[in-house]
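**Q** Below you will find the structure I want to go over with you.
The values are calculated or read from the model by the stated rules, or taken from the named source; none is laboratory data. Small disclaimer: the values here were computed from a predicted structure and weren't measured. Here the Cβ positions follow ideal geometry from the backbone for every residue, glycine too, while neighbour counts run over all protein chains shown.
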Amino acid sequence: MNITEETKVGEIATQHPMATRVFSRHGIDFCCGGGVPLQTACELRGLSTSDVLGEIEHVLAGSDPDLDRWDEAPVADLVQHIVDAYHLPLREELPRLESMARKVARVHGDKDTERLGGILETFLRLEAELGDHMAREEDVLFPEILRHGEGSDLPVEPFVDDHSDAGQALAVLRELTDDYQVPEGACNTWRALWHGLEALEQSLHLHIHLENNVLFPRVGGAHATGR
Ligand SMILES: [Fe+2]
Ligand SMILES: [Fe+2]
């Protein structure tokens, strides 16, 4: 695939998974906002498209082109991968982050009431929505996908809408945490929370990308978005 400024961000992420490192580095949205050309995505972030193209080429030059090409894997393998690599770890990670967010808000709330309270509130809403969302994927959507396979015409829009909500919550968290810059004098739990939330963002972006841009176009028929 020849990547140009006209190539859609979601397509680049699908066909060259390593390029998502460059997107994450620059805050380029490749999951919910992956339907736009690279140039538009760069303009939105105030970046030079040619510089970003150069970085993508650099990353791809040192990577295995076949690494994680989930668009070519059987649909059942992709579903299993999403559950194993993203759903199961999330179920462990979310309660851990919740207890840290509660602790930091409780112990340090007096120092930064508005931000820490906002972070806790946004996180708790995201956590509840994700729990419900993953359960609906595993109990309803994924079994349907396994039953009907590639080329089926399943209604995926509600799931895409949930992904957009999650993406917005992540953007709010990034803003409230000042791009995850640890404040001066922050305690270890505070540091660990910032680090954990940033890792959550990175993993959710990849998770949503695999569903929106790779899985759903293969099973959502006319309903699918992202490509
Ligand atoms: Fe999922
Ligand atoms: Fe999902």
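**Q** Inspect all residues belonging to segment 94-114 and state whether any of them is within 16 Å of ligand 1 (Cβ to nearest atom) and modelled with pLDDT of 95 or more.
**A** yes
**Q** Also, quick follow-up: Kindly establish whether V172 is of a type in the set (A, V, I, L, M), surrounded by 14 or more Cβ atoms within 10 Å (Cβ to Cβ) and in contact (Cβ under 8 Å) with a residue 60 or more places away in the chain.
**A** Numbers: of a type in the set (A, V, I, L, M): yes; surrounded by 14 or more Cβ atoms within 10 Å (Cβ to Cβ): yes; in contact (Cβ under 8 Å) with a residue 60 or more places away in the chain: no.
Spelling it out, it is not the case that V172 is of a type in the set (A, V, I, L, M), surrounded by 14 or more Cβ atoms within 10 Å (Cβ to Cβ) and in contact (Cβ under 8 Å) with a residue 60 or more places away in the chain.
**Q** Which of the helices (runs of 4 or more DSSP H) found entirely inside segment 125-227 contain at least 2 residues meeting this: of a type outside the set (K, R), within 11 Å of ligand 2 (Cβ to nearest atom) and outside the structural domain of M18 (by TED's automatic domain parsing)?
**A** Hits in segment 125-227: 157-176, 188-209.
**Q** So, one more: Taking segment 101-124 as the search range and keeping residues that are assigned to a helix (DSSP H, G or I) and among the acidic types (D, E), which one is surrounded by the fewest Cβ atoms within 10 Å (Cβ to Cβ)?
**A** The selected residue is E114.
**Q** Would a scan of segment 47-63 turn up a residue that is within 16 Å of the chain's Cα centre (by Cα) and either at pLDDT 90 or above or of a type in the set (V, I, T) (or both)?
**A** So far as segment 47-63 goes, no, none of its residues is within 16 Å of the chain's Cα centre (by Cα) and either at pLDDT 90 or above or of a type in the set (V, I, T) (or both).
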